[in-house]
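Visitor: I'd like to ask you about the structure that follows.
The values are calculated or read from the model by the stated rules, or taken from the named source; none is laboratory data. None of the values given here were measured: they were computed from a predicted structure. Because the Cβ atoms are built from the backbone with ideal geometry, glycine has one as well, and the counts that use them run over all protein chains shown.
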4 protein chains.
Amino acid sequence: MTDRQDRSHTRIEKILDAAVEIFSRKGYRDSGVDDIVVESQTSKGGIYFHFPNKQAIFLTLLDRMANLLHSRAEEALNAEPDLLKKGDALLLNMLKTFGSHRRLTQLFLVEALGAGHEFNDKIMELHGRFSTLVQSYLDELVKAGVVAPINSQVASIAWFGAVNETVTRWILTGQPVNLEDAYPTLRLLLRRGVGLN
Amino acid sequence: MTDRQDRSHTRIEKILDAAVEIFSRKGYRDSGVDDIVVESQTSKGGIYFHFPNKQAIFLTLLDRMANLLHSRAEEALNAEPDLLKKGDALLLNMLKTFGSHRRLTQLFLVEALGAGHEFNDKIMELHGRFSTLVQSYLDELVKAGVVAPINSQVASIAWFGAVNETVTRWILTGQPVNLEDAYPTLRLLLRRGVGLN
Amino acid sequence: MTDRQDRSHTRIEKILDAAVEIFSRKGYRDSGVDDIVVESQTSKGGIYFHFPNKQAIFLTLLDRMANLLHSRAEEALNAEPDLLKKGDALLLNMLKTFGSHRRLTQLFLVEALGAGHEFNDKIMELHGRFSTLVQSYLDELVKAGVVAPINSQVASIAWFGAVNETVTRWILTGQPVNLEDAYPTLRLLLRRGVGLN
Amino acid sequence: MTDRQDRSHTRIEKILDAAVEIFSRKGYRDSGVDDIVVESQTSKGGIYFHFPNKQAIFLTLLDRMANLLHSRAEEALNAEPDLLKKGDALLLNMLKTFGSHRRLTQLFLVEALGAGHEFNDKIMELHGRFSTLVQSYLDELVKAGVVAPINSQVASIAWFGAVNETVTRWILTGQPVNLEDAYPTLRLLLRRGVGLN
DNA sequence: AATGAATGAGAGTTCATTCAT
DNA sequence: CATGAATGAACTCTCATTCAT
């Protein structure tokens, strides 16, 4: 039983690993299920035994990345006791997480848009999870009286967008070589933007 | 002669108009050339007479939007004599231009990223044209001594990203109803971010 | 021993019962072995332990129906001592048997023909068993001098076809509601056709 | 224009001819569109340009056969002025038509059942067209007073079934070699069955 | 005996592109 | 210039069958 589950688990991981590789290399639409078959050294039937369709594989990866990012982000926020530094911690952590999962990040920020309009809602939901996190933080800052009231929703979207574009450019052009190099400038910009310092 | 050019011009315009409609409605990959044939009331052969392939139609539209946006942006910058207000003018102008060309904007900011890896270079080039514009402005501010030195490249990318995410969300979710409603908050954020006021 | 046989017997019966249900509901070709797995609450391996392949399951059902029908038919013929009434008894009995085994009948008369060319020989063999029965009866009638000589082979095929079409229509359209309602007319037709009365 | 129509017409005919050949040789379900491509010396895209799917090709053939059979049947009935002989004319004509279109007949009487349950209604409709023809004739006989009242619906279905089974057997076993050899016996049977002579 | 994960050949269908007219 | 019939490679997905456990 446990044996079977293990094997099944392993197989699913192999498929997902291969899918990340293929999707990020060729893009969602240009990736064939056959490519994943070859990369994962499994079989078509095997893949369709574990996933109902190609979309489901992609969605699984998207959710994984979102969960990873989200849990890391929350950890970072919780680990930093100083309210004024939580934002910096969040930013640095996101850059680190994105930077150390290049391919998953690519699926998350780039390829998802090419998977078809059915994914649009999903994308906005995922983006929303992070801007909401930022928004909560901004609201806390306001409530604590350390920054002046602001439209925290628009601000958090802009905050996420600034990071998003930086990371996207890193993915598509390789610039900057180390994503974290963007940290000092982004930190300054975002802190001052919301009115800290 | 002129007649022919006119007819040709008209035909090309009909195709491009149809393409905007179709691409923004279904996404680049889910749009068939046949869809454009129907929408433009032309023919398969007609389209392939004027464009070498589907990609070229999309690239033409992308360039159009980029040119439109760029010329409007430069106009806005030139029309505003006050250096400190040029940034606000640029921002407002971009929101207005995006807001009044919903579908082209969608192609520019959403569909292009998902259209496949062949478009990646083009996208970065187009995004780059705008962040470069911003970057030049930031450099001017620094040179004029009104803001402290900053990594203007990273900052301009972040600036563009903030706008980008706001507009993208507007396109995909319809929020905010009027894109320009985001202006005050974005203005405040971006001004303060680079160190103005 | 007996226990094992019983369990096996039960298992095989469960599979066959499920197969009748599935095959008659979806047709032979549109029925998946997985459908039978679910319906029978067994497993893929279990089915392939008891049957070499999908075809064999279907053939088993076909033979069952043929045997059932054949034994009933012989009983009916034997139970009726009056030679002139044997034909009527056979007809009534067939309508009753078909009418009380709707799904098996469907496999026998409808699905089998459409199951593919591999089944053609089998079908003709099964149909033949019944027309041969009729043929023997006709030959007896001729030998007894109660009807004039006739090509009993062609006649028996026609006889079976008349019943077949009536039953098929009942299966596919539900008309007549009670299959036996067709008896009086069919009886008259078939009796007179071969020259009785 | 006419040129194009001609070519198109020719192409469609080539596809349909190939489809008859393939469907009757391998059965509907065991025939691949690729088989038709090869047989017709066209291309997959070409086939799907003219037909929306595989089913449509089959339906077209079914309708063709039905129309052919129906028009021939009506001609035969009209050509025979003697009411008492119309039935014989119809029977002979059907045997001749079936006999001279072996493959189309096979699709009509055998393969259609294997195309899936979606075809069941169609099949009954087609069979119905012929039994209705017979039914009208029987009603005329009754009205003319030459035969005693009878349930003409059941009788016509039985009539068609007798022919159907005979023809089906001819198709599947090749017996009798000449389908028309069955005529004398069938004629006798069916005439006497309804009460003629 | 029984299970269900795994296989892979093959299915129908799509669609960017070509080209004879 | 314009047309639309034709092409064929490529796609996602299915399913009877196998086999390690």
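Visitor: Would you point out the residue of segment D:91-106, among those that are of a type in the set (A, V, I, L, M, F, W, C) and under 8 Å from the mean Cα position of the chain (by Cα), that is surrounded by the most Cβ atoms within 10 Å (Cβ to Cβ)? Walk me through it before giving the result.
Guide: Keep residues of segment D:91-106 that are of a type in the set (A, V, I, L, M, F, W, C), which gives D:91-92, D:94-95, D:98, D:104.
Those left that are additionally under 8 Å from the mean Cα position of the chain (by Cα): D:98, D:104.
Working: D:98: 26, D:104: 21.
Here the residue is D:98.
Visitor: A further question follows. Could you check, for segment D:54-69, whether at least one of its residues is of a type in the set (Lys, Arg) and more than 16 Å from DNA strand F (Cβ to nearest atom)? If you could, list the steps in order and put the result at the bottom.
Guide: Taking segment D:54-69 first, the residues of a type in the set (Lys, Arg) are D:54, D:64.
This time we only want the ones that are more than 16 Å from DNA strand F (Cβ to nearest atom), so: D:64.
Yes: one or more hits.
Visitor: Let me ask another. When you check residue B:132 against the structure, is it within 14 Å of another protein chain (Cβ to nearest Cβ) and not aliphatic (A, V, I, L, M), yes or no?
Guide: Details: within 14 Å of another protein chain (Cβ to nearest Cβ): yes; not aliphatic (A, V, I, L, M): yes.
So residue B:132 fits the description; yes.
Visitor: Which of (1) buried (at least 17 other Cβ atoms within 10 Å of the Cβ); (2) within 25 Å of residue B:28 (Cα to Cα) is the odd one out, the single condition residue A:55 does not satisfy?
Guide: (1)
Visitor: Hey, residue A:115 hits all of (1) out of contact with any Asp or Glu (no Cβ under 6 Å at 6 or more places or on another chain); (2) of a type in the set (A, V, I, L, M); (3) within 14 Å of chain B (Cβ to nearest Cβ); (4) away from DNA strand E (no atom under 16 Å from the Cβ) but one; which does it fall short on?
Guide: Of (1) out of contact with any Asp or Glu (no Cβ under 6 Å at 6 or more places or on another chain); (2) of a type in the set (A, V, I, L, M); (3) within 14 Å of chain B (Cβ to nearest Cβ); (4) away from DNA strand E (no atom under 16 Å from the Cβ), only one is false for residue A:115: (4).
Visitor: Out of segment D:177-197, which residues are closer than 30 Å to residue D:26 by Cα and either more than 8 Å from chain C (Cβ to nearest Cβ) or modelled with pLDDT under 95 (or both)?
Guide: D:177, D:178, D:179, D:180, D:181, D:183
Visitor: Hand me the list of helices (runs of 4 or more DSSP H) wholly inside segment A:1-98 holding 3 or more residues that are more than 16 Å from DNA strand E (Cβ to nearest atom).
Guide: Details: elements: A:2-26, A:33-40, A:44-50, A:54-79.
Output list reads A:2-26, A:54-79.
Visitor: From B:88, B:34, B:82, grab the single residue that is more than 16 Å from DNA strand F (Cβ to nearest atom), exposed (fewer than 14 other Cβ atoms within 10 Å of the Cβ) and not hydrophobic (A, V, I, L, M, F, W, C). Give the derivation first.
Guide: Working: B:88 fails: exposed (fewer than 14 other Cβ atoms within 10 Å of the Cβ); B:34 fails: more than 16 Å from DNA strand F (Cβ to nearest atom).
The match here is B:82.
Visitor: Considering every residue within segment B:52-59, establish whether at least one is closer than 24 Å to residue B:96 by Cα and in contact (Cβ under 8 Å) with a residue 60 or more places away in the chain.
Guide: Taking segment B:52-59 and keeping what is closer than 24 Å to residue B:96 by Cα, we get B:58-59.
Still in the list and also in contact (Cβ under 8 Å) with a residue 60 or more places away in the chain: B:58-59.
For segment B:52-59, residues closer than 24 Å to residue B:96 by Cα and in contact (Cβ under 8 Å) with a residue 60 or more places away in the chain: present.
Visitor: Quick check, is residue B:161 in a helix (DSSP H, G or I) and either within 11 Å of chain A (Cβ to nearest Cβ) or more than 20 Å from residue B:186 (Cα to Cα) (or both)?
Guide: Numbers: in a helix (DSSP H, G or I): yes; either within 11 Å of chain A (Cβ to nearest Cβ) or more than 20 Å from residue B:186 (Cα to Cα) (or both): yes.
Criteria met by residue B:161.
Visitor: Of all residues in segment B:138-148, which are in a helix (DSSP H, G or I) and either without any contact (Cβ under 8 Å) to a residue 24 or more places away in the chain or surrounded by 20 or more Cβ atoms within 10 Å (Cβ to Cβ) (or both)? It would help to see each step written out before you state the result.
Guide: Keep residues of segment B:138-148 that are in a helix (DSSP H, G or I), which gives B:138-143.
Once the filter is applied, which keeps residues that are in a helix (DSSP H, G or I) and either without any contact (Cβ under 8 Å) to a residue 24 or more places away in the chain or surrounded by 20 or more Cβ atoms within 10 Å (Cβ to Cβ) (or both), segment B:138-148 yields B:138, B:139, B:141, B:142, B:143.
Visitor: Let me ask you something else. In segment C:140-157, how many are within 14 Å of chain D (Cβ to nearest Cβ) and either of a type outside the set (S, T, N, Q) or closer than 18 Å to residue C:89 by Cα (or both)? Steps first, please.
Guide: Here is the first cut: in segment C:140-157, the ones within 14 Å of chain D (Cβ to nearest Cβ) are C:141-142, C:147-157.
After this cut, where a residue has to be either of a type outside the set (S, T, N, Q) or closer than 18 Å to residue C:89 by Cα (or both) as well, the list is C:141-142, C:147-150, C:154-157.
Adding up the residues that qualify gives 10.
Visitor: I would also like to ask the following. If I filter segment A:11-31 down to residues being within 13 Å of DNA strand F (Cβ to nearest atom) and of a type in the set (Gly, Ala, Ser), which single residue comes out as farthest from the other protein chains (Cβ to nearest Cβ)?
Guide: So the residue we want is A:19.
Visitor: Let me ask something else about it. Looking at (1) surrounded by 19 or more Cβ atoms within 10 Å (Cβ to Cβ); (2) within 11 Å of chain C (Cβ to nearest Cβ), can you tell me which one residue D:126 breaks?
Guide: Condition (2) is where residue D:126 drops out.
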